[in-house]
């Protein structure tokens, strides 16, 4: 694709300011007590008894799965949607377990509930992970109703939905445990970070023991985190983003299956950056919501969005006619710097490193999503002119 020099939208962004970075640096001199206060604030806001702050959403998921396995050591398989973020199977493999897949309901980003029941007959199944992909709510309550007599856990992947609510309930609190991610491009970012929530005392107790053995960030890693935050605060701006995007070694926008990653406790710097997090989340939600409403006003329909309330999306998923249409849209967006992007490059069964686990099974709806879906940016850097130009591409 031709290099676009000039204003370029990132596909997703959760901006933070120099003031936030300085707050994080100041917190480094305060020590780990600020992390405990952040966890207490989260427990109070989400009304749960247990909260643990760690280095990433992937790390959070690994710790939950290992805790559940400690409770049920005879089980080692985890059921996920056949189309989802590659971080989910990465974490499952990192935790030492096997990935199981269920296809999607056509026209949605959620499980095929006609197929999922048969998966629950698997005696090795430890838990099922419904996912709020791009912030589109998954039907967690339906999953819970189907497993309630089967002694299976429901782990809610709210990595892309921190601060979101649906039907009056906070996402991330609906399952036996839930996770948030605070990485780049998530609903709320502190460079990297993850949150575990649970109201289950048994799970919370096991997690608490595991957390006691986990180390925090070292001095070098903390410095690297600070420098990354400074760089991101500048380079994520549409005026500058074309520059890092043009550097192939940064691999911006690429999706990789990577089960090798550190598991650490959240640092004081990250907790300091989260100062006034509730206010920040609400401001980011308001900006995204306004852009989502404008996009729908131009006649574009988000995949899986029914009539009624519109959820807090971090990217606006659209299913286009065919692969050629998708390629053309992405090419024109690249040329104009509009931030339209691919979803994930393949269904989970197409990941080379774990392909053998699925014994040649195919998941046609998930595959169709990988082939035909694009996502539109809705973050606070998107302006009215951007939205008009995006709508013109589709029209």
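The values are calculated or read from the model by the stated rules, or taken from the named source; none is laboratory data. What you see is a predicted model; the values in this text were computed from it and never measured. Reconstructed Cβ throughout: ideal geometry from the backbone, glycine too, with neighbour counts over all protein chains shown.
Please give the number of the condition residue 343 fails out of (1) modelled with pLDDT under 95; (2) surrounded by fewer than 20 Cβ atoms within 10 Å (Cβ to Cβ).
(2)
If you take the residues of region 169-183 that are in contact (Cβ under 8 Å) with a residue 40 or more places away in the chain and outside any loop (DSSP other than H, G, I, E, B), which of them is surrounded by the fewest Cβ atoms within 10 Å (Cβ to Cβ)?
Out of the qualifying residues, it is 170.
Run down 226, 203, 263 and say which single residue is under 17 Å from residue 16 (Cβ atoms), at pLDDT 95 or above and either within 23 Å of the chain's Cα centre (by Cα) or buried (at least 17 other Cβ atoms within 10 Å of the Cβ) (or both).
Going through 226, 203, 263 in turn, just one is under 17 Å from residue 16 (Cβ atoms), at pLDDT 95 or above and either within 23 Å of the chain's Cα centre (by Cα) or buried (at least 17 other Cβ atoms within 10 Å of the Cβ) (or both): 226.
Of everything in region 274-300, what is assigned to a loop (DSSP other than H, G, I, E, B), loosely packed, with under 13 Cβ neighbours inside 10 Å and touching a residue at least 12 places away in the same chain (Cβ under 8 Å)? Give them in sequence order.
Within region 274-300, just 299 meets the criteria.
Go through (1) assigned to a loop (DSSP other than H, G, I, E, B); (2) free of Cβ contacts under 8 Å to residues at least 12 places away in the same chain and name the single condition residue 216 misses.
It fails just one condition, (2).
Let me confirm something: among 380, 311, 317, which residue is within 22 Å of residue 105 (Cα to Cα), in a loop (DSSP other than H, G, I, E, B) and touching a helix residue (DSSP H, G or I) at 6+ places or on another chain (Cβ under 9 Å)?
311
Which ones in region 348-377 are surrounded by 21 or more Cβ atoms within 10 Å (Cβ to Cβ) and either in a loop (DSSP other than H, G, I, E, B) or at positive phi (or both)?
Listed by number, the residues that qualify are 351, 363.
Taking the criterion of being modelled with pLDDT of 95 or more, crowded, with 24+ Cβ neighbours inside 10 Å and within 21 Å of residue 309 (Cβ to Cβ), would at least one residue in region 117-130 satisfy it?
Within region 117-130 (the criterion being modelled with pLDDT of 95 or more, crowded, with 24+ Cβ neighbours inside 10 Å and within 21 Å of residue 309 (Cβ to Cβ)), the answer is yes, since at least one residue qualifies.
Limited to region 335-356, what total is found for residues that are more than 18 Å from residue 256 (Cβ to Cβ) and touching a residue at least 24 places away in the same chain (Cβ under 8 Å)?
6
Tell me yes or no: at least one residue of region 151-160 is in contact (Cβ under 8 Å) with a residue 12 or more places away in the chain, assigned to a loop (DSSP other than H, G, I, E, B), crowded, with 19+ Cβ neighbours inside 10 Å and touching a helix residue (DSSP H, G or I) at 6+ places or on another chain (Cβ under 7 Å).
yes
Quick one: residue 142 ticks every box in (1) touching a helix residue (DSSP H, G or I) at 6+ places or on another chain (Cβ under 7 Å); (2) part of a helix (DSSP H, G or I); (3) at pLDDT below 95 except a single one, so which number is it?
Only one criterion in (1) touching a helix residue (DSSP H, G or I) at 6+ places or on another chain (Cβ under 7 Å); (2) part of a helix (DSSP H, G or I); (3) at pLDDT below 95 is unmet by residue 142, namely (3).
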